[in-house]
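Everything below concerns the one structure shown next.
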Amino acid sequence: VDQRFHHIVNQPRRNMSSTYRLSPREALVIMAQLPPPARYFGIQSNVFTREIPFNPQDSIYKLLTENNFDSLLRGILFGGSPDPSRRMMVASIGNSTNNVVIQNQTGNTPWNELAYFIITSDTDLAAEMTDALVSAGALPSHIFTEPVAPALVKLGLNHSADDLITYIRYSLPVDQAAGEQWRRDLPLTILRVRDVSSRQYDNPLPIPDYTQRTTNYDETQLATDLGKLADAVQARWGQPKTTVDPFFSAYKFLDLVGQHCLGYPDPARGPMDCLGDSQDADYQISGSAQIDKNNVVAVIGVLSTETGNATYTSLSVNWFPELVGVKNIDDPQLTGTAASYASGLQYDPKLFYVYYVARDCTGLPHCTAIPTNLVPKGGTIKFIQRNYINPGATNGPNPVSILNPVMIVLNGQNRPQL
């Protein structure tokens, strides 16, 4: 594996790396004790980098360039990598295996249970790994195969092969201490299995179809109230002429779908950095803002955990163009934050949130302070809202029915009584 990526995620152990390449005669087998109960668990593989030239004809690149939409974002989506011959991809190759998928297959709650994950490109090799696990005592219903389809991923161990990465997301444990203990212990064993015989592997796993997205509630009917809420925030601050800047859907506007970033099914698309996309969530991204010079940024949105479209909602503060997440504001912190604006709304205020980010949160309820050691003075921030797992489904909600938040940059020198 390219040594220029050896330290890109963390400080690796000797002879180990966070990224890897996979030959057609190999499988990764992960044996895991799953974590304590939480809102979300998921395991997923991505193409991390690919040896491929930049494509100025990519439709999303042309869209961002022609509209001069967001140069910071364009630079990240179509930037290079530490190896100039490779492009950053961080693109999903299929659906995630999440706690809902695991529960549906096993018939039991997944928490604290044993589970086994096979990552390979060949149907026969996957079957042999499954047989070996069952022979060792694994329950067949607890074994999950993630296909690395050769029609999508460039297999092999040489420089022309794709670099891959497999990661786990585990969020909002019910018992925070137990969740942190699981993270420290990490009861996972990872085996890299290789057939060293002369056997040919010619039964490739197919490219998986992404699961169709649904929603339980059409949030677009809340658009008028969201507008009224933004007006009310401006009025309370005495700043009615400030700009109300809407977020945009990463899926609808940027086509942030891993297989599409990899050029499938449209070979004219990509290569594009898909930012670690996951079908388990929908993503909305804000414009750029700064929090120096007494700026206070208000984010006003619909809380999808209350509309029934999300198992949990996360609003992250990110330092751009470094793309470093510096703070995470989860739905328990957002719940009830629009209550004081109830009189001006048609719908229940619990469906909405009003949250502030500033250098100094003095006098501001529902606010997160961002010190200069996280975002340096003069630095740019962007917000990303993620809605994970539509209840009753195995993936995130359909962004067509999700109402994007808005952002207002306020002058915080004279703060109202909030």
Please list 319, 182 from largest to smallest accessible area, probe radius 1.4 Å, with all protein chains kept in place.
319, 182
Please compare each pair in 252/293; 252/377; 293/327 to a cut-off of 26 Å on the Cα-Cα distance and tell me which ones are over it.
252/293; 252/377
Karplus ³J(HN,Hα) for segment 357-370 (6.51 cos²θ - 1.76 cosθ + 1.60, θ = phi - 60°; Hz, whole; x = Gly/Pro) runs 10, 7, 5, 10, 9, 3, x, 10, x, 6, 9, 10, 8, 10
Identify which of 287, 258, 227 has the largest mean-square fluctuation in a Gaussian network model of the chain, with springs joining Cα atoms closer than 10 Å.
227
Gain in span if fully extended, residue 347 to residue 175, counting 0.36 nm per residue against the direct Cα distance
58.6 nm
Sum -39500 (n - 2.57) across every DSSP H segment of at least 4 residues in the chain, then divide by the residue count to get the 222 nm mean residue ellipticity, nearest 500.
-5000 deg cm²/dmol
Hey, with R₀ at 51 Å, roughly what FRET efficiency would residue 15 and residue 221 work out to, going by the Cβ-Cβ distance, to 0.05?
0.35
Once you list every other residue whose beta carbon is under 11 Å from the beta carbon of residue 124, what net charge do they have if Lys and Arg are +1 and Asp and Glu are -1?
-3
With +1 at each Lys and Arg Cβ and -1 at each Asp and Glu Cβ, the charge dipole magnitude of the chain around its Cα centre, to the nearest 20 debye, comes out at 1100 debye
Per the Kirkwood definition applied to all pairs of different Cα atoms, how many angstroms is the hydrodynamic radius of the chain?
23.0 Å
What are the residues whose amide H is under 5 Å from the amide H of residue 277, where those residues sit 5 or more places off or on another chain and H is modelled from the backbone?
92
Which shape class, rounded, prolate or oblate, goes with segment 336-412 when its Cα gyration tensor gives a ≥ b ≥ c as root eigenvalues, a/c under 1.5 marks rounded, and past that a/b bigger than b/c marks prolate?
oblate
Rank 307, 65, 120 by mean-square fluctuation in a GNM of the chain with C-alpha springs under 10 angstrom and give only the top-ranked residue.
65
Please list 3J(HN,Hα) in residue order for segment 298-307, calculated via the Karplus relation 6.51 cos²θ - 1.76 cosθ + 1.60 where θ = phi - 60°; whole Hz, with x for glycine and proline.
9, 10, 10, x, 9, 8, 5, 5, 8, 7
In the chain, with Lys and Arg counted as +1 and Asp and Glu as -1 at Cβ, which of these residues, 316, 132, 396, has the Cα nearest the positive end of the dipole, that is, farthest along it?
316
Along the chain, longest interval not containing exposed trypsin sites (Lys or Arg not before Pro), exposed being DSSP loop plus at most 15 other Cβ atoms within 10 Å:
15-198
Who wins for biggest fluctuation among 244, 153, 406 in a Gaussian network model of the chain, springs between alpha carbons below 10 Å?
244
From the phi of every residue in segment 105-110, what ³J(HN,Hα) in whole Hz does the Karplus formula 6.51 cos²θ - 1.76 cosθ + 1.60 yield, where θ is phi - 60° and glycine or proline is x?
7, 7, x, 10, 4, x
Give, as a single signed number, the net charge of other residues whose beta carbon lies under 12 Å from the beta carbon of residue 73, with Lys and Arg counted +1 and Asp and Glu -1.
0
For residue 144, distant residues with modelled amide H under 5 Å away:
116, 117, 118
Report the gain in length on full extension from residue 114 to residue 324: 0.36 nm times residue separation, minus Cα-Cα distance, nm rounded to one decimal.
72.3 nm
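The values are calculated or read from the model by the stated rules, or taken from the named source; none is laboratory data. Since this is a predicted model, take the numbers as computed values, not measurements. Note that we place each Cβ from the backbone using ideal geometry, even for glycine, and neighbour counts take in every protein chain shown. Note: areas computed on protein heavy atoms with side chains; ligands, DNA, RNA excluded. Shrake-Rupley method; radii C 1.70, N 1.55, O 1.52, S 1.80 Å.
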